[in-house]
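K.L.:
Before we start, here is the structure in question, set down as structure tokens.
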Amino acid sequence: MKQRKMCVHLYVSLIVLLSVIVSGCGKASDTASDKNENIELLNVSYDPTREFYAAYNELFCKYWKEKSGKDVTITQSHGGSGSQARSVIEGNEADVVTLALAHDITAIEESGMIDRGWLSEFDGNSSPYTSTIVFLVRKGNEKNIHDWNDLVKDGVEVITPNPKTSGGACWNFLAAWAYQQAQDGADEELTKAFMKNLYQNVLVLDTGARGATNTFVENGQGDVLIAWENEAYLSIKEYPDDYEIITPSISILAQPSVAIVDSNVEEHGTRETAEAYLEYLYSDEAQRLAGNHYYRPSKENILKEFSEQFDLNMNLVTIEDFGGWDEAYRIYFDDGAIFDQIYED
Amino acid sequence: MKEKKRNYDQDVVGDGINTIQKVLEPVNGTSNNIVKYMLIGVCMLFLFLMLVLPLIVVIVNALKDGWTVYRKAVQNEYTIKALQLTLLATVSAVGINTIFGLFASFLLSKFYFKGRQLLATLIDIPFSISPVVAGLAFILTFGNIGWMGDFLKNHSIKIVFAVPGIILATIFVTFPFVFRELFPVMNAQGKDEEEAAALMGANGFTIFRRITFPHIKWALLYGIILCAARAMGEFGAVSVISGHLRGKTNTLPLHVEILYNEFNTTEAFAVSSVLVILAVLILIAKNFVEWKKR
Amino acid sequence: MEQQIIKVKNKKGVKVIPGFGLSLGITFFMLSALILIPLVSIFISASQLSFQEFVNVITSRQIVSGYVVSLSCAFFAALINAVFGLMLAWVLVRYNFPGKRLADGLIELPFALPTAVAGISLTYLYSDKGWIGSLFGKAGIKIAYTRIGITLAMIFVGIPFVVRAVQPVLEKLDRQYEEAAMMLGASRTYTFFRVVLPELFPALLAGFGLAFARGIGEYGSVVFIAGNLPYKTQIAPLLIISKLEQYKYADATAIALVLLLISFLLMLFINSLQIYMQKFIGT
């Protein structure tokens with residue numbers, strides 16, 4: 001009997017304790033954001049930029065301390081580009097967004113949080129660094145892959161993410177499309193057939209670029225990964241003996257875009273710092289840092305410093321050749337558009 | 001004719017004795033043993049393939065680069081912060097859901113009223129919802145685009161992409177766990193004992209404490225353990241609602257994903273192993289309580 | 001003897017036990033505040049579509065194939081879980097063997113392990129380069145990146161449901177019935193199927209239902225092992241995500257609503273059956 005009573009008491013006190021903890025923590029989290037001496041910036045970015053921004057934030061904090069005397073704390077958030085943009089629309093209070101493609105920032109603009117004309121706010125279509133799409137193959141390149149047309153051969157297993165869930169994969173798709181358009185004299189039906197063959201060779205259609213890289217590298221699936229150039233270099237750096245990079249004859253200039261989230265910086269009073277944060281991405285130091293993290297610096301003179309690292313002779317189309325992102329998304333990736341069509345029957 | 005009948009009777013009696021022996025000393029029956037070991041064998045194989053091997057994968061990969069890397073990953077500032085948040089969410093979820101589970105299962109098993117089935121099914125809804133949709137539901141309620149969004153913004157209350165949202169999402173996905181464990185046991189127990197006590201004049205709390213509770217304490221413990229385990233490991237719903245703010249709204253599972261996506265596979269598995277260790281701690285606590293009982 | 005064989009039915013509406021109002025109040029308040037309010041938002045969002053649009057969304061070929069993949073894989077996973085869960089509960093309750101405690105504790109593991117970690121580990125094991133997958137690979141069976149892989153992940157996340165639903169009931173089950181049945185000459189199999197199983201059936205069914213529902217909604221672990229190819233290995237929750245990525249909230253919630261409805265009806269059926277059987281056994 002006594003034991004039973006004890007048991008009850010134990011449970012009751014446990015529950016009381018829990019509710020105290022919960023209410024206590026609730027209060028603690030409310031007061032934390034009221035301090036104003038220390039400027040806080042939230043940079044909502046996409047997956048492959050983690051390493052770069054970790055280094056860049058350090059650089060910027062030092063620069064900003066020297067210039068304005070203020071301390072700044074930068075919080076990072078990374079994820080798939082599309083879902084990151086969505087979280088900002090839904091209430092994630094980003095001061096700046098640095099995403100994989102302009103299309104995602106346009107979506108935030110449409111919700112009214114970013115003022116129109118953000119694309120020309122910073123140099124080079126607000127892309128402080130660019131990249132391109134290349135192939136990562138296993139050492140020795142047994143399947144003899146050199147260009148896009150090698151990917152449609154029988155028995156070649158391709159890994160690429162799904163354009164419907166991954167911004168990076170849109171670049172992959174468009175790069176392949178651009179290649180085949182050049183071969184077929186822009187015949188859409190022929191290009192579609194080519195794309196169909198290409199995606200029939202796709203073994204795993206991951207939801208994000210990082211997921212695809214992990215499928216290829218960690219799980220050993222597939223013969224070739226269609227990847228961002230910076231991702232490919234990162235894999236080579238991690239496993240120098242296992243992989244090699246193949247640059248196709250035609251690819252696309254992938255332009256990750258940056259923007260200030262106007263409605264949030266107004267609210268936080270952080271506009272000045274946020275502008276400086278993005279502006280400083282174009283400084284020589286930051287550009288070199290981008291290059292060291294395998295992004296192509298957008299400033300010509302810095303890019304030349306990396307001419308040994310990057311194949312600067314690649315034939316790169318841009319998103320403008322597809323009529324801009326809105327147009328491209330409507331034609332290729334919307335529901336029932338070309339990407340859906342090549343998977344039908 | 002008579003002879004035959006006698007034999008028949010003897011057979012029945014003999015069979016009966018045999019069975020009694022089997023029941024009383026099940027260890028002695030060889031065929032019984034075969035079934036027993038076969039069952040145990042199949043179950044252990046199943047557990048090994050489905051549970052132990054993935055666990056081994058986690059441990060092997062966590063220690064792949066040696067002990068120092070492991071310790072560094074586990075003692076990382078962000079790991080600790082994520083751990084704190086995970087514990088906070090788990091404790092909240094267990095507390096709230098225990099209170100709810102006790103009341104709801106008492107209500108549904110001791111009283112007959114119209115719509116019981118419907119109510120029981122409503123409670124189960126979080127099981128049927130994809131965690132992703134659960135997270136989305138909170139966004140559509142409390143987020144900028146949600147119908148309570150403007151109200152919250154005007155009163156500068158942050159729910160989604162902040163700690164309260166993570167706690168809410170965790171409570172949501174683990175909501176029915178305690179109830180689910182308690183309900184079948186309370187239901188099987190029936191309500192006659194409680195009715196008798198009530199007729200003898202005991203008050204509600206006494207009835208619960210003295211009659212209902214002793215029947216359900218083990219089920220309650222199971223429920224709490226399930227709830228705690230599930231709350232610690234919740235990924236989908238929290239992932240939608242967290243905003244992935246490093247050091248602020250990252251729970252351990254989200255931190256694991258981030259590390260994995262950073263190509264820090266070893267660290268990712270090391271942090272996963274922290275979750276495994278937490279689960280083991282809960283298991284030890286449970287065993288300790290069970291042992292105390294005997 | 002927990003199970004009352006004779007039950008005195010009190011008149012409907014007369015509640016002898018106190019605390020009805022309090023329990024009802026608290027249950028309803030918590031249920032509404034924590035579950036129903038967020039849920040209403042899903043309906044509000046989906047109601048932005050006209051009925052025709054709603055039907056168009058949920059009957060498009062890709063979505064339907066997503067439902068088929070999710071439902072069929074979840075069904076088989078729940079079935080396998082029901083069989084093994086019952087066996088596991090039986091073994092854990094009735095037998096003593098070395099390592100029993102450990103095995104018992106392992107059951108909760110799929111909950112504590114984040115689904116993403118589970119997905120990564122299972123893919124690591126069962127892909128054709130993995131420890132187990134390579135064995136099957138030699139036999140020409142691909143597990144990861146097929147529907148078998150999806151089923152496997154769903155089995156993993158659903159294991160605890162059946163075991164933990166059956167276990168408490170089995171522990172409370174009076175052995176006298178079995179002993180009586182066996183003394184009357186029933187074989188062990190007969191005893192199990194005619195005496196034990198009917199007692200366990202409601203709990204087993206509940207466990208099956210929960211595992212099934214969990215499988216339908218599972219996302220985190222499945223995406224890693226699924227391959228995600230349209231019409232082949234794309235699960236319904238992935239399609240929800242894919243709609244969200246295109247900022248089509250209404251479409252996403254429409255797909256979610258159908259999943260929700262399927263699970264809800266299934267659970268309602270199982271709960272009714274459970275309560276009905278309880279009454280049936282009781283009277």
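K.L.:
Could you please find all residues in the stretch C:104-153 being of a type in the set (A, V, I, L, M), in a helix (DSSP H, G or I) and within 24 Å of B:T86 (Cα to Cα)?
P.N.:
Within the stretch C:104-153, C:L106, C:L109, C:A112, C:A116, C:V117, C:A118, C:I120, C:L122, C:A153 meet the criteria.
K.L.:
Further, regarding this structure: Exactly one of (1) more than 30 Å from A:I145 (Cβ to Cβ); (2) loosely packed, with under 15 Cβ neighbours inside 10 Å is unmet by A:L312. Its number?
P.N.:
(1)
K.L.:
Taking the stretch C:60-72 on its own, how many of its residues are closer than 16 Å to C:K248 by Cα and more than 9 Å from every other protein chain (Cβ to nearest Cβ)?
P.N.:
1
K.L.:
Still on this model: Kindly check whether there is at least one residue in the stretch C:116-137 that is among the basic types (K, R) and surrounded by fewer than 20 Cβ atoms within 10 Å (Cβ to Cβ).
P.N.:
Yes.
K.L.:
For C:A203, only one of the following conditions fails: (1) more than 17 Å from B:L49 (Cβ to Cβ); (2) modelled with pLDDT under 90; (3) surrounded by fewer than 24 Cβ atoms within 10 Å (Cβ to Cβ); (4) not aromatic (F, W, Y). What is its number?
P.N.:
Just one mismatch for C:A203, condition (3).
K.L.:
With the stretch B:129-230 as the region, which helices (runs of 4 or more DSSP H) entirely inside it contain at least 1 residues that are in contact (Cβ under 8 Å) with a residue 12 or more places away in the chain and assigned by TED's automatic domain parsing to the domain that holds B:A89?
P.N.:
B:131-142, B:163-174, B:177-189, B:192-199, B:204-207
K.L.:
Of the numbered conditions (1) assigned to a strand (DSSP E or B); (2) of a type outside the set (F, W, Y); (3) at pLDDT below 90, A:K237 satisfies every one except a single condition; which is it?
P.N.:
(1)
K.L.:
Residues that are polar (S, T, N, Q) and either crowded, with 18+ Cβ neighbours inside 10 Å or over 30 Å from C:Q62 (Cβ atoms) (or both): does the stretch A:324-341 have at least one?
P.N.:
no
K.L.:
Do you know which residues across the stretch B:164-203 are among the small types (G, A, S) and more than 7 Å from chain C (Cβ to nearest Cβ)?
P.N.:
B:G165, B:A169, B:A196, B:A197, B:G201, B:A202
K.L.:
Also, I was wondering about something else. Taking the conditions exactly as written (more than 7 Å from chain C (Cβ to nearest Cβ), touching a Ser or Thr at 6+ places or on another chain (Cβ under 9 Å), crowded, with 24+ Cβ neighbours inside 10 Å and assigned to a helix (DSSP H, G or I)), does B:L108 satisfy them or not?
P.N.:
Spelling it out, B:L108 is indeed more than 7 Å from chain C (Cβ to nearest Cβ), touching a Ser or Thr at 6+ places or on another chain (Cβ under 9 Å), crowded, with 24+ Cβ neighbours inside 10 Å and assigned to a helix (DSSP H, G or I).
K.L.:
(1) more than 10 Å from chain B (Cβ to nearest Cβ); (2) assigned to a helix (DSSP H, G or I): which one isn't true of C:L257, the others all being true?
P.N.:
Of the numbered conditions (1) more than 10 Å from chain B (Cβ to nearest Cβ); (2) assigned to a helix (DSSP H, G or I), the odd one out for C:L257 is (1).
K.L.:
Being in contact with a Lys or Arg (Cβ under 8 Å, 6 or more places away or on another chain) and in contact (Cβ under 8 Å) with a residue 40 or more places away in the chain is the filter here; which residues of the stretch C:253-279 pass it?
P.N.:
C:I255
K.L.:
So in the stretch A:263-275, with the set limited to residues that are within 18 Å of A:L119 (Cβ to Cβ) and in contact with a helix residue (DSSP H, G or I) (Cβ under 8 Å, 6 or more places away or on another chain), which one is surrounded by the most Cβ atoms within 10 Å (Cβ to Cβ)?
P.N.:
A:A274
K.L.:
Residues being at pLDDT 90 or above and assigned to a loop (DSSP other than H, G, I, E, B): count how many of those fall in the stretch A:296-308.
P.N.:
So the answer is 3.
K.L.:
Identify, by number, the condition in (1) touching a residue at least 12 places away in the same chain (Cβ under 8 Å); (2) over 30 Å from C:L34 (Cβ atoms) that B:L53 doesn't meet.
P.N.:
(1)
K.L.:
Taking the stretch B:258-294 as the region of interest, how many residues are surrounded by fewer than 17 Cβ atoms within 10 Å (Cβ to Cβ) and on the phi > 0 side of the Ramachandran plot?
P.N.:
Residues meeting the conditions: 0.
K.L.:
Here is a follow-up. Just a yes or no: is a residue in the stretch A:170-177 within 21 Å of the chain's Cα centre (by Cα) and more than 17 Å from A:T247 (Cα to Cα)?
P.N.:
Yes, the conditions are met somewhere in the stretch A:170-177.
Okay, residues lined up against (1) more than 15 Å from A:G79 (Cα to Cα); (2) among the aromatic types (F, W, Y):
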| position | (1), (2) |
| --- | --- |
| B:I241 | no, no |
| B:L245 | no, no |
| B:N250 | no, no |
| B:P253 | no, no |
| B:Y260 | no, yes |
| B:T266 | yes, no |
| B:V271 | yes, no |
| B:V276 | yes, no |
| B:L283 | yes, no |
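K.L.:
May I pose another question? Might you check whether a residue that is crowded, with 18+ Cβ neighbours inside 10 Å and under 20 Å from C:T151 (Cβ atoms) occurs anywhere in the stretch C:248-256?
P.N.:
No, the conditions are met nowhere in the stretch C:248-256.
K.L.:
A follow-up question, please. Answer yes or no as to whether A:A193 is under 19 Å from A:A337 (Cα atoms), under 21 Å from the mean Cα position of the chain (by Cα) and hydrophobic (A, V, I, L, M, F, W, C).
P.N.:
no
K.L.:
Within the stretch C:206-249, count every residue that is within 24 Å of C:L266 (Cα to Cα) and outside any helix (DSSP H, G or I).
P.N.:
So the count comes out to 7.
K.L.:
State which residue pairs qualify: first residue more than 8 Å from chain A (Cβ to nearest Cβ) and of a type in the set (S, T, Y) and inside the stretch C:220-240, second residue outside any loop (DSSP other than H, G, I, E, B) and surrounded by fewer than 24 Cβ atoms within 10 Å (Cβ to Cβ) in any location, beta carbons under 9 Å apart, and separation of 6 or more residues or different chains.
P.N.:
From the stretch C:220-240, the pairs are C:T233/C:V69; C:T233/C:R147.
K.L.:
What residue, among those in the stretch B:248-264 that are outside any helix (DSSP H, G or I) and more than 7 Å from every other protein chain (Cβ to nearest Cβ), is modelled with the lowest pLDDT?
P.N.:
B:N264
K.L.:
Report whether or not C:L125 is facing another protein chain (nearest Cβ under 7 Å), out of contact with any Cys (no Cβ under 9 Å at 6 or more places or on another chain), without any contact (Cβ under 8 Å) to a residue 40 or more places away in the chain and at negative phi.
P.N.:
Against the criterion (facing another protein chain (nearest Cβ under 7 Å), out of contact with any Cys (no Cβ under 9 Å at 6 or more places or on another chain), without any contact (Cβ under 8 Å) to a residue 40 or more places away in the chain and at negative phi), C:L125 qualifies.
K.L.:
Further question: I need a count of the residues in the stretch A:132-153 that are farther than 22 Å from A:L312 by Cα and surrounded by 24 or more Cβ atoms within 10 Å (Cβ to Cβ).
P.N.:
The total comes to 1.
The values are calculated or read from the model by the stated rules, or taken from the named source; none is laboratory data. In this text the structure is predicted, and so the values were computed from the model without any measurement. Cβ atoms come from the backbone with ideal geometry, glycine included; neighbour counts cover every protein chain shown.
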